[in-house]
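Take a look at the structure below.
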């Protein structure tokens, strides 16, 4: 059975095809209004979510399908001690495809071994978030025209930021991209990712100040410091305001650079940036609905 657990589960050709289908859905939503009628998506969110859960639900409803599921583990029998495996086996009897978020890394893989229907990883701990990456790729392509030849700055929590990990894995597969990794020492990208970049000969730099690299960037991808990933509250408080993007910091940025953020934000992007034409993070939100429509469609097709 074909699932989407990691962004590398998709070839570059499959990525490009999905993005093209998503763009077709943006252009002609009426053509897909009844394409999934009679199909059911289950959204199993063992961790809080706004955009990801609602965009999956909106995606399925926009194609005439139905949705069931829960937004919190407290609303499921896991609160009574039911195992993840039993939950997945049960829910997969009621639906055609499952979108699942879980705080434990690797949980979607474990779920895929027990499910009777395809599993989509909607985020597993600090590891991976492939559907956010599809959203990010569509946003970059729609604003910059292609996915190759860019300098991509990733700023903030690069250690626990699953969206960052997935985006590096995806964009490193396109030619001519370079990464600038902006973080304090404590929140640097995990070594397995920098080792991968070195092995592939992909240029990258690790810096601590965003101002010094701003003029180089085609993409600035901001992330929040995630309180829920810290074991020590004092460490979170010390690091949470390390990077705050404001209009003054954008003065030296390129006029065609784009500012992205997977959201939610706390205070790492000033609301004064929102009206800057380079701020495209709410475009990401809009794109997320359509790229998830495309993904649901493709997975149901290949698993038919």
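Coordinate-derived values only; no laboratory data. The structure displayed is predicted, hence computed values, not measured ones. Virtual Cβ from ideal backbone geometry, glycine too; neighbours counted across all protein chains shown.
A few remarks follow.
- Long-range tail of P(r) for the range 1-125 (Cα pairs > 19 Å, %): 50 percent
- Mean Cα-pair separation over length for the chain, i.e. relative contact order, pairs under 8 Å, 6 or more apart, %: 20 percent
- Antiparallel DSSP beta bridges within the chain, as percent of all bridges there, nearest 5: 5 percent
- The helix-only estimate of mean residue ellipticity at 222 nm for the chain, built from DSSP H runs of length n ≥ 4 each weighted as -39500 (n - 2.57), is -11000 deg cm²/dmol after division by the residue total.
- The Rg/Rh ratio for the chain is 0.96, where Rg is the radius of gyration of the alpha carbons and Rh is the Kirkwood radius.
- Springs between Cα atoms under 10 Å define the GNM used for the chain, and in it the highest mean-square fluctuation of 189, 213, 225 occurs at 213.
- Extension gain (nm, one decimal) between residue 212 and residue 104, 0.36 nm per residue minus Cα-Cα: 35.3 nm
- Simple label model, 7 Å out from Cα along Cβ direction - residue 66 to residue 26, nm: 3.2 nm
- Among beta bridges that DSSP assigns inside the range 109-225, antiparallel share in %, nearest 5: 5 percent
- Crossing angle, helix 130-144 versus the chain [Cα axis fit, 0-90 degrees, rounded to tens]: 50 degrees
- Between the Cα long axis of helix 191-200 and the first principal axis of the chain there is an angle of about 80°, rounded to the nearest 10.
- Using alpha-carbon coordinates, inclination of helix 51-62 to the longest axis of the chain, degrees: 50 degrees
- The slack between residue 205 and residue 90, meaning 0.36 nm per residue of separation minus the straight C-alpha distance, is 36.7 nm.
- Over the range 131-284, volume per residue of the alpha carbon convex hull, in Å³: 104 Å³
- Euclidean distance between Cα centres, the range 86-138 to the range 177-217, Å: 28 Å
- Average Cα contact separation per residue, the range 131-284, under 8 Å, 6 or more apart, as relative contact order %: 24 percent
- In a fully extended conformation the segment linking residue 12 and residue 276 would gain 91.9 nm over its present Cα-Cα distance, using 0.36 nm per residue.
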